[in-house]
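Report on the structure given below.
The values are calculated or read from the model by the stated rules, or taken from the named source; none is laboratory data. Note that this is a predicted model, so its numbers are computed, not measured. Here the Cβ positions follow ideal geometry from the backbone for every residue, glycine too, while neighbour counts run over all protein chains shown.
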Amino acid sequence: MTIMVTGGAGYIGSHTCVELIKSRYAIVIFDNFSNGQPEVLERIKRITGVFPAAVRGAQPNRDWRNSRRCLRPAWAQKRPEYTCHLPLKKRARVPARWCRAPYPGSP
């Protein structure tokens, strides 16, 4: 099963990716790397032995219509069954919805 993790290069997202890989899920990271760094992908590989697939793109926000528009090309390319939505900015006061299946607009 493949899970797309939006914000997967950030602190919470990268830790989530490590745990998902350890639980034998395939992951795809969708991130704009505004908070996280591309080097996080190497760190995930060092910890898990798996280099995660990644898509760089505009980060969706809490507006579902914007999220669908941003994520639709990545969904079409990578075909995840679930999306774990973690696009949090540093010092976010209200976290985005954590996981939603199916994510609105997902295939």
Could you figure out which of (1) of a type in the set (A, V, I, L, M, F, W, C); (2) at pLDDT 70 or above; (3) assigned to a loop (DSSP other than H, G, I, E, B); (4) loosely packed, with under 13 Cβ neighbours inside 10 Å isn't true of ALA76?
-> (3)
Can you pull out the residues in region 42-62 that are modelled with pLDDT under 95, surrounded by fewer than 20 Cβ atoms within 10 Å (Cβ to Cβ) and hydrophobic (A, V, I, L, M, F, W, C)?
-> ALA53, VAL55, ALA58
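Specify the residue that is farthest from SER34 (Cα to Cα); the eligible residues are those in region 6-21 that are in a helix (DSSP H, G or I) and touching a Leu at 6+ places or on another chain (Cβ under 8 Å). Please lay out each step first, then the result.
Within region 6-21, the first condition is being in a helix (DSSP H, G or I), and the residues that meet it are 11-21.
So of that shortlist, the ones also touching a Leu at 6+ places or on another chain (Cβ under 8 Å) come out as 12-13, 16.
Numbers: ILE12: 14, GLY13: 13, THR16: 18 Å.
Restricting to residues being in a helix (DSSP H, G or I) and touching a Leu at 6+ places or on another chain (Cβ under 8 Å), the top hit is THR16.
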